[in-house]
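Worksheet: one structure, shown below.
The values are calculated or read from the model by the stated rules, or taken from the named source; none is laboratory data. Small disclaimer: the values here were computed from a predicted structure and weren't measured. Cβ sites come from the backbone with ideal geometry, for glycine too, and all protein chains shown count toward neighbours.
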There are 2 protein chains.
Amino acid sequence: MTELDAKGISVLLVDDHPIVRQGYRRVLESQGDLHVVAEADNAADAYAAFKAHDPDVVVMDISMPGASGLEAIRNIRARNPRARVLVFTMHNEAVLVKSAFNAGANGFVTKSSEPSAVVRAIRSVARGERAMSDDIAHVLAEESLSPTGSVLDQLGEREIEILRQFASGATTEQIASHLNLSVKTVQNYHYLIKTKTGARTDAQLVRLAATCGLTKI
Amino acid sequence: MTELDAKGISVLLVDDHPIVRQGYRRVLESQGDLHVVAEADNAADAYAAFKAHDPDVVVMDISMPGASGLEAIRNIRARNPRARVLVFTMHNEAVLVKSAFNAGANGFVTKSSEPSAVVRAIRSVARGERAMSDDIAHVLAEESLSPTGSVLDQLGEREIEILRQFASGATTEQIASHLNLSVKTVQNYHYLIKTKTGARTDAQLVRLAATCGLTKI
DNA sequence: AAGTGCTTCGGGAAATTTGCCCGAATATGC
DNA sequence: GCATATTCGGGCAAATTTCCCGAAGCACTT
């Protein structure tokens, strides 16, 4: 392994878009020390390719059709704890970032990042360090200022129930009727939930509820 | 222009992800006859770059933060009807494809396409032909066969675009700014969309947009 | 037993949005 | 040329949201 490191860093590329993979490959290969030893376009193939090639770093987009990229990360880290996984995606939601790190990711950079920053991140995780792009750091920093973990942890039981019903399409009157509350109280909860979660619009609230599994769409 | 064509095809790359742009650039440049003369990461810059470089083909992702890519297509085609625009995005919803062609796009390929297919599409639109990737053709074919009108069929293009942005979490002010409309107009559209679709709450609107594939959650 | 903190429940008032009317400019179709 | 659909916004009353506030019930601590 140390010999391999001396010769460079082997990379497994995982992304569901062929041309994006090809783009990565060219960018990374042009660095000299980075070698793409395999590619995959889904979570299952990613794990198979990892077992076959045992790369130093897995660079993967976790928003792929089919199985979850997070599951792939867990599998990879479970098989070889010395494996390094750098998540590379367009999403920048705090919950997703935390999920990725909890799943065992070593780094998280967004596709908005400069290629140089991505390359730097690959070298960082290869050295065993944690890496993340500036925008991700900002998102997490903001999040950390609210003393809670998951977005839902900061909500009380009543608030969660109201959020669930609201995100499922219920009107304020219906919720009030269901829970035997005054319309005014439901409105107040609605507002409270928005401020607590930081959602600016009802649409963001629905998306939040959906990503937290509170409601299915 | 014929001389230029003989020497190759000049391309303006528009995508909000730097590394993706760099990837395209390398893939296209490796073809020999394709030359990336400029890049842009948003709709406004795209139009400016088009005016400055007058490229043969504009390859653009229409899902960018800020102003609509569709608007950029309209502007570009309005300025120079001989311009060719190839939309290159990860979305594959029939409505979006139709909107793009109505806006003046000459081609539409998804990022799931093989790089070779993308290159072929660029050459096609450069020759003035219409181009689309196989998956897009299938989506449109399916659409034309299904007698059941989607809920979205009763909405105009503008309404769909506003619904998409709204369901994606944009505020009324942001949408108005993106599309250069007055806040009042966006509010009116919002109301119109609700009545046309029968949605009673914003949450139902978001769910509708999601089930129609207008937005991902 | 009193204090602290949290959740739950609502009132009040200003700001904003909704709901629904309208007219006008511009395609688009026949 | 005429009808029709789409796009764009003004106006205005009604409704809702926003943001403040207090209070009651509970659990947990010292």
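The residue that is nearest to the other protein chains (Cβ to nearest Cβ), counting only those in segment B:168-187 that are more than 17 Å from the chain's Cα centre (by Cα), buried (at least 18 other Cβ atoms within 10 Å of the Cβ) and more than 11 Å from DNA strand C (Cβ to nearest atom), is B:Gly169.
Condition check ((1) more than 10 Å from chain B (Cβ to nearest Cβ); (2) touching a helix residue (DSSP H, G or I) at 6+ places or on another chain (Cβ under 6 Å); (3) surrounded by 22 or more Cβ atoms within 10 Å (Cβ to Cβ)) across all residues:
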{"residue": "A:Lys98", "(1), (2), (3)": "yes, no, no"}
{"residue": "A:Ser113", "(1), (2), (3)": "no, no, no"}
{"residue": "A:Val119", "(1), (2), (3)": "no, no, no"}
{"residue": "A:Ile122", "(1), (2), (3)": "yes, no, yes"}
{"residue": "A:Asp134", "(1), (2), (3)": "yes, no, no"}
{"residue": "A:Asp153", "(1), (2), (3)": "yes, no, no"}
{"residue": "A:His190", "(1), (2), (3)": "yes, no, no"}
{"residue": "A:Arg200", "(1), (2), (3)": "no, no, no"}
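Of the strands (runs of 3 or more DSSP E) lying entirely inside segment B:32-127, those containing at least 3 residues that are among the aliphatic types (A, V, I, L, M) span B:34-40, B:57-60, B:84-89. Scanning segment A:15-31 for residues that are in a loop (DSSP other than H, G, I, E, B), buried (at least 22 other Cβ atoms within 10 Å of the Cβ) and touching a Ser or Thr at 6+ places or on another chain (Cβ under 8 Å) returns no hits. Condition test on A:Gln165, is it crowded, with 18+ Cβ neighbours inside 10 Å and within 13 Å of DNA strand C (Cβ to nearest atom)? For A:Gln165, the condition - crowded, with 18+ Cβ neighbours inside 10 Å and within 13 Å of DNA strand C (Cβ to nearest atom) - is met.
When B:Ala40 is tested against (1) modelled with pLDDT of 85 or more; (2) away from chain A (no Cβ under 12 Å); (3) under 19 Å from B:Ser124 (Cβ atoms), exactly one condition is not met: (3).
Among the residues of segment B:83-97, just one is charged (D, E, K, R) and more than 15 Å from B:Asp135 (Cβ to Cβ), namely B:Arg84.
Can you tell me how many residues within segment B:207-217 are within 8 Å of chain A (Cβ to nearest Cβ), in a helix (DSSP H, G or I) and under 21 Å from the mean Cα position of the chain (by Cα)?
2
Identify the residue in segment B:188-204 that is of a type outside the set (D, E, K, R) and either modelled with pLDDT of 90 or more or within 11 Å of DNA strand D (Cβ to nearest atom) (or both) and, among all such residues, is farthest from the chain's Cα centre (by Cα). Only one residue tops the list, namely B:Thr201. Only one entry of B:His35, B:His53 meets the criterion of being closer than 19 Å to B:Pro115 by Cβ, modelled with pLDDT of 90 or more, surrounded by fewer than 22 Cβ atoms within 10 Å (Cβ to Cβ) and away from chain A (no Cβ under 14 Å), and that entry is B:His35. Against the criterion of being modelled with pLDDT under 90, away from DNA strand C (no atom under 16 Å from the Cβ) and away from chain A (no Cβ under 14 Å), B:Leu140 qualifies.
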